[in-house]
Amino acid sequence: MTNSLRQGIPVEIESVAKQFRVRGQELPALIDVSMSIRPGQFVSLVGPSGCGKSTLLRLVAGLDSPSSGQIRVNDIPVVGPSQTCGVVFQRPALFPWFDVTGNVTFGPRMQRRDRRETQRLAKAYLEAVGLQGFEHHKVYELSGGMQHRVALARVLINRPTLLLMDEPFGALDAQTRLIMQELLLHIWEADRSTVLFITHDVDEALLLSDRVVLMTARPGRIKADYQVNLPRPRSLSLITSAEFVTSKAEILHSIREEILKTSDIEQRFLLGAPPRPNETLELP
Amino acid sequence: MGDQFSDSFDQKAQTRRHLTTLEQTLRRLVTTLGPTLSSLLALLGVWWFLTSRGLVPPETLPSPGLVYYTAFTLLGQPYGPDTLLGHASITCFRVLAGFGLGVACGLLFGILLKFLPRVHVLVDPLFSFLRPIPAFAFITLLLLTLGVGEGSKIALLFIAVFPAMTIYTDAAMNALPIELEESARMLGSRGAGLFVHVRFPAALPDLLAGSRVLLAVSWTAMMGAELVAAESGLGWMIWSALKHSRTDVVFVGVIMIAVIAALMDYCIVLGSEALTGGWRAHVRGQW
């Protein structure tokens, strides 16, 4: 089913900044973010909520453009959405007027691919995400977890060489999330596209990734970059291993520091204390 | 008592499992038609009671029997230029022509506005100004320019329907949730494909709801036009019968309009159910 010759593509993020205009005020969401992702690397982006993780992902996807700096995917500057790049959003965002197959074949149909081949691929990818027998179900009849599987199959059928995932399992219950994580591991380890995966779940990040990038509280910056040297292929049992727990403790400590920093700023703002020099005050 | 109750409940559930599709359809028909029929029968009963006891003079309210008899007679014998069905069909033709033309043009123009933002800026204030004017206010102008033929009446409906349908379409074009638009774009959908497979289906529920409202508006406008400027049609028939104190004919006309308008409305309802019934509620909210 998967093409073993296919390789992930590199992503270069070069001093990217992004400001939003909110009620007449410039609100910096990202400040000077630089990062380079090797082809076929699975990178998780972790950080407190509102730190600009999703903003960065949207910039890489070409759904927004940076205020300054540049992003290059496969050495080509990003100017808009491209089919080499697949995005799985937090919500499944399926088209309710198509059935399961209609949703999965959407990409190939839009690109006018061969119909028979598309049907065959749809069947294969639905099987890969464990939805055989649901080909002609209405998408709104499926459970949340099944809808996410459809969303995943719908993106994978386009054979993206860069997969962007914005907290794709964030809205799922704990059990379903575990199943989806294992499913993703299984699919990705067979196909090795480049992945940028956003999550606020440290377990999830460590379990899936080669590398975990920690972002600061808003305005977002890269605070730390961990290599995850846990052996592959991985499975859920890894979560209880000693190495895993050590790495997790380290990352959690950094995140805690970040969270404390945010609330410190907020407290000083509320009490009317002046900000420290060289520090921007940004409140939600 | 409680056990008995739950027993019969279980039995019910069991029989339900054995129901065939035909039986289910019949059951659904009875549950939907039942209330409608009984309320209509109740209305008929009150009507019959009022007239048979002489509580209301027959010149004001003819008896159900007389109205039925008149309707039956008018099927064969012309009232004015035409029989009952003749009047009904000419009115239907005018309504469908004016409404259809207005909806089709409004739809196309509304879609066009989505792609021509500069025209949109020019047209928007104009339409917002025109739309609240009752279409009927244009009737004298139309009679002067188009005469008393079919053209003026169809044009009147067009004026009533077209600006409103344009505004509905314009609004419906924005019914697509941003998440769906972005996923469609990321999956390689652009331009015409994005419109046909994503934006238009998402707009369909609003478009159908809007055209349903405009069908009712069309009937209202057509009655106005036929009262003032026609020599045939149900509106003319009612107006003429009123002048000749034939309240029985007035009632036949009114009931005929009610039945036809309800049937047309039901067609749109059936169409919306077939096209969007299942998923309509799922476009917004969780998606």
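The single residue among B:Met186, B:Met237 that is away from chain A (no Cβ under 14 Å) and touching a strand residue (DSSP E or B) at 6+ places or on another chain (Cβ under 8 Å) turns out to be B:Met237. For region A:68-92, a residue qualifies if it is small (Gly, Ala, Ser), surrounded by fewer than 16 Cβ atoms within 10 Å (Cβ to Cβ) and more than 14 Å from chain B (Cβ to nearest Cβ), and exactly one does: A:Ser68. Looking across region A:93-104, the residues that are facing another protein chain (nearest Cβ under 10 Å) and closer than 16 Å to A:Asn158 by Cα come down to A:Leu94, A:Gly102, A:Asn103. If you scan region A:171-194, which residues turn out to be outside any helix (DSSP H, G or I), buried (at least 17 other Cβ atoms within 10 Å of the Cβ) and away from every other protein chain (no Cβ under 14 Å)? Result: A:Arg192, A:Ser193, A:Thr194. When region B:224-246 is filtered for residues that are assigned to a helix (DSSP H, G or I), crowded, with 22+ Cβ neighbours inside 10 Å and of a type outside the set (D, E, K, R), the ones remaining, listed by number, are B:Ala225, B:Leu234, B:Gly235, B:Trp236, B:Met237, B:Ile238. When you check B:Met173 against the structure, is it buried (at least 20 other Cβ atoms within 10 Å of the Cβ) and more than 14 Å from every other protein chain (Cβ to nearest Cβ), yes or no? Yes; evaluated as a whole, the condition is true for this residue. Of all residues in region B:197-250, which are farther than 30 Å from B:Leu146 by Cα and polar (S, T, N, Q)? Hits for region B:197-250 are B:Ser245, B:Thr247. Scanning region A:31-55 for residues that are out of contact with any helix residue (DSSP H, G or I) (no Cβ under 8 Å at 6 or more places or on another chain) and hydroxyl-bearing (Ser, Thr, Tyr) returns A:Ser34, A:Ser36, A:Ser49, A:Ser54, A:Thr55.
One residue stands out in region A:206-244 among those that are modelled with pLDDT under 90, touching a strand residue (DSSP E or B) at 6+ places or on another chain (Cβ under 7 Å) and basic (Lys, Arg): the one that is farthest from A:Arg38 (Cα to Cα), namely A:Arg218.
So A:Leu207 clears everything in (1) under 17 Å from A:Ala151 (Cα atoms); (2) assigned to a helix (DSSP H, G or I); (3) in contact with a helix residue (DSSP H, G or I) (Cβ under 8 Å, 6 or more places away or on another chain) except one condition, right? Which one? Tallying (1) under 17 Å from A:Ala151 (Cα atoms); (2) assigned to a helix (DSSP H, G or I); (3) in contact with a helix residue (DSSP H, G or I) (Cβ under 8 Å, 6 or more places away or on another chain), A:Leu207 fails exactly one: (1). Of the residues making up region B:196-217, those that are among the hydrophobic types (A, V, I, L, M, F, W, C) and within 14 Å of chain A (Cβ to nearest Cβ) number 8.
Here's the yes/no breakdown for (1) out of contact with any Pro (no Cβ under 6 Å at 6 or more places or on another chain); (2) within 14 Å of another protein chain (Cβ to nearest Cβ); (3) of a type outside the set (Gly, Ala, Ser); (4) not in a helix (DSSP H, G or I):
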| residue | (1), (2), (3), (4) |
| --- | --- |
| A:Gly107 | yes, yes, no, no |
| A:Arg113 | yes, yes, yes, yes |
| A:Gln119 | yes, no, yes, no |
| A:Ala122 | yes, yes, no, no |
| A:Tyr125 | yes, yes, yes, no |
| A:Phe134 | yes, no, yes, yes |
| A:Tyr140 | no, yes, yes, no |
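If you go through region A:12-39 and pick out every residue that is among the charged types (D, E, K, R), closer than 10 Å to A:Ser68 by Cα and either without any contact (Cβ under 8 Å) to a residue 60 or more places away in the chain or outside any strand (DSSP E or B) (or both), you end up with 2. For the structure I just gave you, tell me whether A:Val46 is more than 12 Å from every other protein chain (Cβ to nearest Cβ) and surrounded by 21 or more Cβ atoms within 10 Å (Cβ to Cβ). In short, yes. Can B:Ala281 be described as within 14 Å of chain A (Cβ to nearest Cβ), part of a helix (DSSP H, G or I) and within 30 Å of A:Asp99 (Cβ to Cβ)? Yes; evaluated as a whole, the condition is true for this residue.
The values are calculated or read from the model by the stated rules, or taken from the named source; none is laboratory data. All of these numbers come straight from a predicted model, not from anything done at the bench. Cβ: placed from backbone, ideal geometry, glycine included. Neighbour counts: every protein chain shown.
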